[in-house]
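> Quick one: the structure is below, questions incoming.
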Amino acid sequence: MTDQPASDAPVFEHFVAGEWVPSVSGRLFESRNPADTRDLIGYFQAGDPADTARAVRAAELAAPAWRRTPAPKRGEILYRFAELMAEHKERLARAMTREMGKVLTEARGDVQEGIDIAYLMAGEGRRMFGDTTPSELPDKWAMSVRQPIGVAGIITPWNFPIAIPCWKMMPALVTGNTVVFKPASDTPHCATLLVELMAEAGFPPGTVNLVTGSGAEVGDALVESPDVQVISFTGHTSTGKRIAERAARRLKRVSLELGGKNGIVVLADADLDLATDGILWSAFGTTGQRCTAASRVIVVEAVLGPLLERLERRARALRLGDGLEPTTDVGPLVNAAALTKVEEYVEIGRREGELVCGGRRATDGPLANGHFFEPTIFSGVRPMDRIAQEEIFGPVLSIIPVPDEPAAVTALNQTRYGLSSSVYTRDVNAAFRAIRDFETGIVYVNAGTIGAETHLPFGGTKETGNGHREAGHAALDTYTEWKSIYVDFSGRLQRAQIDNQPG
Ligand code: UN1
């Protein structure tokens, strides 16, 4: 934290009521490239409750006009924003790789996910269906419509720094809410670039406000603000629980996307080469830093040997490096704290299972100045071991052998999380049993645990969330309340439940 930039790296500001503004306190924080921490991206405003209050006020003032703007017109602005993101896709993707490390192809995918949800939600401007339904009384009309809630506080993680803010802001905005956006402190630059494009797309001043800063200063102020009616948060389960507790005191709606400990089940008849591709992509893509990442492989003993041999050979061949280099398969972890956490879990893993490959920081040559960790596999892990239960959020995979399919289902479900799961099998009956029995919000058959598409509901069971879903039309439920409307055109008093009933 600093008051004065120590270098000539650019200084970025909050976005409030359509203006770029410094924070009230004048304090700044840095964002650096995790592949090479000597690369300073810029200085960002360290927002606090005073900045948050200003942004909430701006969002409140903009709300009446925005909610009265016809939804198809709101949708047109989302559409323009999608077009602008598509135009700037490469620039956004490169900025993302530089700021949080994921390899460029995946960064492009992240931006694409933002574009996809913006188009989808632009269309909602002309759908946003309510119900019309018959009244039980004659000459009476009954219908229900979605209403915006008010001001939405959007608190987002660094691992999908474009996609997740779009998942949250697009449905909030198209349904007529205004937004205060608090991005992760590791990715303020991506957030700034996104909001610049939103302003250019024509969202009116105050409908979208950006406040950078810490969760303790800005996030908490949003959660506590009586003028923010809905909070959407993606991050740690412990933080999500704290948010839910505090918001509950104000009867504030909260949508939570929290941890995962996603498993892939490999049955005896699986195509092992296909399973190997899916496991490696799900475990080590985004350096294991996805909520949907596979951190457990539950494999029936009959195919343990051949699967393990394939996984080890392929994992050892993965190339670590700067995500901007086309030869890189796996980028750095996001920051030093993430690296330390992964190291601690690897120590625990050494006691619980057998290290197959990886297990070390990577510091050779060009990796010396980044947060790199080798793709790591443990075998012989038991379902209740800590490395099989706790979310590590890094490139660490546990192989859990089981005797048969029923034991695999039990192990898969033996977790407090329930986001994503997968089964590899050629047996259609086994596939459908998995679809039925896996206790997760997302199930894949013959594909890994990552790669959800934006027009289907996204979210999980158990401690992965609190029952809400993002994406798809399910996302509208987070940001709207139902209004039921009765129009009586009989010209007389008609009493429901009474006049049209016997006795
Ligand atoms: C996340 O990690 O929080 O399904 C989101 C996927 C991506 C989204 C992940 N489409 O892996």
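> Restricting attention to segment 114-148, which residues are small (Gly, Ala, Ser), surrounded by fewer than 20 Cβ atoms within 10 Å (Cβ to Cβ) and in contact with a Lys or Arg (Cβ under 7 Å, 6 or more places away or on another chain)?
Taking segment 114-148 as the starting set, the residues that turn out to be small (Gly, Ala, Ser) are 114, 118, 122-123, 125, 130, 135, 142, 144.
So of that shortlist, the ones also surrounded by fewer than 20 Cβ atoms within 10 Å (Cβ to Cβ) come out as 123, 130, 135, 142, 144.
130, 144 - these are the residues of segment 114-148 that are small (Gly, Ala, Ser), surrounded by fewer than 20 Cβ atoms within 10 Å (Cβ to Cβ) and in contact with a Lys or Arg (Cβ under 7 Å, 6 or more places away or on another chain).
> Of all residues in segment 169-193, which are buried (at least 24 other Cβ atoms within 10 Å of the Cβ) and within 16 Å of the ligand (Cβ to nearest atom)?
169, 170, 171, 183, 184, 187, 190, 191
> Out of 19, 13, 30, which single residue is under 25 Å from residue 104 (Cα atoms) and either at pLDDT 95 or above or outside the structural domain of residue 173 (by TED's automatic domain parsing) (or both)?
Of 19, 13, 30, the one residue that is under 25 Å from residue 104 (Cα atoms) and either at pLDDT 95 or above or outside the structural domain of residue 173 (by TED's automatic domain parsing) (or both) is 30.
Yes or no, residue by residue, for (1) closer than 21 Å to residue 162 by Cα; (2) surrounded by 16 or more Cβ atoms within 10 Å (Cβ to Cβ); (3) within 26 Å of the chain's Cα centre (by Cα):
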| residue | (1), (2), (3) |
| --- | --- |
| 14 | yes, yes, yes |
| 22 | no, no, no |
| 25 | no, yes, no |
| 41 | yes, yes, yes |
| 77 | yes, yes, yes |
| 87 | yes, no, yes |
| 90 | yes, no, yes |
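> Might you check whether a residue that is closer than 30 Å to residue 173 by Cα and basic (Lys, Arg) occurs anywhere in segment 454-470? Before the answer, list the steps.
First, the residues of segment 454-470 that are closer than 30 Å to residue 173 by Cα: 454-470.
Now narrow it down to the ones that are basic (Lys, Arg): 462, 469.
The answer is yes, given that some residue of segment 454-470 is closer than 30 Å to residue 173 by Cα and basic (Lys, Arg).
> Which of the residues belonging to segment 124-168 are within 23 Å of residue 52 (Cα to Cα) and away from the ligand (no atom under 15 Å from the Cβ)?
Selection gives 148, 149, 150, 151, 152, 153.
> Right, something else. Residue 475 versus (1) of a type in the set (Gly, Ala, Ser); (2) buried (at least 17 other Cβ atoms within 10 Å of the Cβ); (3) not assigned by TED's automatic domain parsing to the domain that holds residue 114: which is the lone unmet condition?
Result: residue 475 passes all but (3).
> Another question, if that's okay. Looking at segment 54-67 only, could you name the residues that are in contact (Cβ under 8 Å) with a residue 60 or more places away in the chain and surrounded by fewer than 17 Cβ atoms within 10 Å (Cβ to Cβ)?
Passing the criteria: 61, 65.
> Right, something else. Within segment 233-310, considering only strands (runs of 3 or more DSSP E) that don't extend past its boundaries, which have at least 2 residues that are within 16 Å of the ligand (Cβ to nearest atom) and among the hydrophobic types (A, V, I, L, M, F, W, C)?
So the answer is none; nothing clears 2.
> If you take the residues of segment 103-113 that are away from the ligand (no atom under 11 Å from the Cβ) and within 15 Å of the chain's Cα centre (by Cα), which of them is surrounded by the fewest Cβ atoms within 10 Å (Cβ to Cβ)?
The selected residue is 111.
> Right, another one. For residues in segment 443-455 being of a type outside the set (Asp, Glu) and within 10 Å of the ligand (Cβ to nearest atom), which is surrounded by the most Cβ atoms within 10 Å (Cβ to Cβ)?
In this case the residue turns out to be 449.
> For residues that are without any contact (Cβ under 8 Å) to a residue 12 or more places away in the chain and among the charged types (D, E, K, R), tally how many sit in segment 84-114.
Within segment 84-114, residues that are without any contact (Cβ under 8 Å) to a residue 12 or more places away in the chain and among the charged types (D, E, K, R) number 1.
> Sticking with this one: Could you tell me whether segment 291-312 includes any residue that is assigned by TED's automatic domain parsing to the domain that holds residue 368, within 26 Å of the chain's Cα centre (by Cα) and surrounded by fewer than 21 Cβ atoms within 10 Å (Cβ to Cβ)?
Step one: of segment 291-312, the residues assigned by TED's automatic domain parsing to the domain that holds residue 368 are 291-312.
Adding the requirement that they be within 26 Å of the chain's Cα centre (by Cα) leaves 291-298.
Narrowing the set further to residues that are surrounded by fewer than 21 Cβ atoms within 10 Å (Cβ to Cβ) leaves none.
No, that holds for no residue.
> Something else: I'd like the full set of residues that are under 27 Å from the mean Cα position of the chain (by Cα) and either basic (Lys, Arg) or within 16 Å of the ligand (Cβ to nearest atom) (or both), limited to segment 408-437.
Scanning segment 408-437 gives 416, 417, 418, 419, 420, 421, 422, 436.
> Same structure, new question: Collect the residues in segment 441-471 that are hydrophobic (A, V, I, L, M, F, W, C) and out of contact with any Leu (no Cβ under 8 Å at 6 or more places or on another chain), keeping them in residue-number order.
443, 445, 447, 450, 452, 456, 458
The values are calculated or read from the model by the stated rules, or taken from the named source; none is laboratory data. Remember, predicted model here, so these are calculated numbers, not experimental data. Reconstructed Cβ throughout: ideal geometry from the backbone, glycine too, with neighbour counts over all protein chains shown.
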